[in-house]
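Single-structure report; data block below.
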Amino acid sequence: MTIKQKIKQQHLLLLQDKIDVYQDMISGLSDDAQNDAKGSAGDKHETALSMMHLEQEKLTNKLKESIVFKEIIEKIDVSKNVSTVTLGSYVKVNSMQLFVSAALPKITIDGVTILSISPQSPLGSELMGKKPLDVIVVNGNSFTIHEVL
């Protein structure tokens with residue numbers, strides 16, 4: 001299994017775990033709201049329901065974001081080897097290992113820490129279309145591309 005396949009697999013597992021947790025939390029809040037609705041009425045009751053609804057909206061937004069990220073990762077063809085940075089590229093820049101996909105938490109594979117960046121991020125947008133030995137500057141910092149897989 002290549003490093004890109006391992007990265008994709010680990011990100012898909014991480015995102016599916018997040019999706020499952022958010023779905024469980026949303027379901028739990030729905031159950032709580034239904035059970036609370038059977039209880040007492042009044043200002044405290046209305047406040048509690050409003051707070052549950054707000055929390056449910058926050059979790060729903062996080063769930064949607066995780067689903068979008070998962071769809072992005074699923075579409076990446078990790079078997080493609082390219083000479084320039086594109087979506088799905090594994091890039092060695094200075095002392096960093098980057099995976100151009102979506103803004104996801106850093107992961108460690110085979111003892112190597114990998115940062116996943118969005119192609120829309122400042123660094124990601126500067127990397128797109130570049131090749132090994134190109135130098136880019138982002139926020140006053142210089143980055144040399146050593147390898148693109």
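Overview of results
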| item | result |
| --- | --- |
| Test: Glu57 is of a type in the set (Asp, Glu), within 15 Å of the chain's Cα centre (by Cα) and assigned by TED's automatic domain parsing to the domain that holds Ser30 | no |
| Every residue from segment 110-149 that is under 22 Å from Asp77 (Cβ atoms) and of a type in the set (Ser, Thr, Tyr) | Ser116, Ser118, Ser121, Ser125 |
| The lone exception for Leu14 - which of (1) farther than 30 Å from Ser142 by Cβ; (2) at pLDDT 90 or above; (3) of a type outside the set (Val, Ile, Thr); (4) out of contact with any Pro (no Cβ under 8 Å at 6 or more places or on another chain) it fails | (4) |
| Some residue of segment 31-39 being of a type outside the set (Phe, Trp, Tyr), outside the structural domain of Pro132 (by TED's automatic domain parsing) and outside any helix (DSSP H, G or I) | yes |
| Unmet requirement for Ala102, which otherwise passes all of (1) surrounded by 14 or more Cβ atoms within 10 Å (Cβ to Cβ); (2) touching a residue at least 12 places away in the same chain (Cβ under 8 Å); (3) out of contact with any helix residue (DSSP H, G or I) (no Cβ under 6 Å at 6 or more places or on another chain); (4) of a type in the set (Gly, Ala, Ser) | (3) |
| Cross-chain or 6+ apart pairs with Cβ under 7 Å, segment 6-32 first and touching a residue at least 24 places away in the same chain (Cβ under 8 Å) and within 21 Å of Phe99 (Cα to Cα), then assigned to a helix (DSSP H, G or I) and aliphatic (A, V, I, L, M) | Lys8/Ile73; His11/Ile73; Leu12/Ile73; Leu15/Ile73 |
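Results for (1) closer than 16 Å to Lys4 by Cα; (2) touching a strand residue (DSSP E or B) at 6+ places or on another chain (Cβ under 7 Å); (3) not charged (D, E, K, R), shown as yes or no for each residue.
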position	(1), (2), (3)
Lys80	yes, no, no
Asn141	no, no, yes
Thr144	no, yes, yes
Val148	yes, yes, yes
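The values are calculated or read from the model by the stated rules, or taken from the named source; none is laboratory data. Every value quoted in this text rests on a predicted model; they were computed, and no experiment measured them. Positions of Cβ are generated from backbone atoms using ideal geometry, with glycine treated the same way; all protein chains shown enter the neighbour counts.
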